[in-house]
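First up is the structure itself, then whatever we jot down about it.
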């Protein structure tokens, strides 16, 4: 009985002690030997984003005569909070429909599916000059995505749908905006569900490895879904630190010792 008890205690102690969360589990962008020391300044990969269905575009047209461009530009409202700003973009922006088109004043349907922002600017300007303006109008067209809208769920500080009002953002910035990955979250295998013309695909990225900056999924895209799985050690109920594990071991030992002596005295 004593030998079995000792064996059980040894196995339990080994399992709990080995399940502590270490720095390697929580530190981002570590050099794991996959990068030559002299080339740690890795070039970030960020390909131009190509517009997808359900994206919302903000398009602004300017010319020497502002009255001529009024029909193309929504009325600007100042002093809007974040939520009101999002609502304004939804109602006044140009949503890409299921056919990849936006409905633009005067010009009608314009197909933008798969185009970059620069491509769309050139396309709108060309159509305006061909159908509405003269070259002497000196028109200027700017196109922007109405924010980077993405979803975060799993082992993070705050799950939900977020919008970043900037041209680009990497996945670490996106996670930080959502309260960051918790200590029990698996940074070595973060899932990115990305939208493509033919459907959605799931991609994997190891955020603890500095080579993640080479990944095409390091920079988020509109409508990305970021999924953070729990570490396996959380599933077995182990503590996050050595102290928590020792407390768990002490509790188990106390129960086992009490049970042993009660059984022995029967």
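Before moving on, here are some points about what is shown:
- Of the residues making up segment 128-143, those that are crowded, with 18+ Cβ neighbours inside 10 Å and part of a strand (DSSP E or B) are 141, 143.
- Residue match in segment 110-121 (condition: exposed (fewer than 15 other Cβ atoms within 10 Å of the Cβ) and over 14 Å from residue 57 (Cα atoms)): no
- Residue count for segment 112-124 satisfying the condition of being farther than 17 Å from residue 55 by Cα and modelled with pLDDT under 95: 0.
- Matching entry among 207, 175, 191 (being over 30 Å from residue 73 (Cβ atoms), in contact with a strand residue (DSSP E or B) (Cβ under 7 Å, 6 or more places away or on another chain) and part of a loop (DSSP other than H, G, I, E, B)): 207
- Subset tally (residues that are over 24 Å from residue 146 (Cα atoms) and in a loop (DSSP other than H, G, I, E, B)) for segment 210-231: 3
- From the options 220, 202, 226, residue that is at pLDDT 70 or above, in contact with a helix residue (DSSP H, G or I) (Cβ under 6 Å, 6 or more places away or on another chain), within 23 Å of residue 52 (Cβ to Cβ) and in the same structural domain as residue 169 (by TED's automatic domain parsing): 220
Okay, residues lined up against (1) modelled with pLDDT under 95; (2) over 15 Å from residue 57 (Cβ atoms); (3) assigned by TED's automatic domain parsing to the domain that holds residue 204:
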site: 71; (1), (2), (3): yes, yes, no
site: 76; (1), (2), (3): yes, yes, no
site: 79; (1), (2), (3): yes, yes, no
site: 83; (1), (2), (3): yes, yes, no
site: 94; (1), (2), (3): yes, no, no
site: 98; (1), (2), (3): yes, yes, no
site: 105; (1), (2), (3): yes, no, no
site: 156; (1), (2), (3): no, yes, yes
site: 166; (1), (2), (3): yes, yes, yes
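The values are calculated or read from the model by the stated rules, or taken from the named source; none is laboratory data. As the structure is a computational prediction, the values presented were derived from the model and not from experiment. Counting neighbours? That spans all protein chains shown, and the Cβs are built from the backbone with ideal geometry, glycine included.
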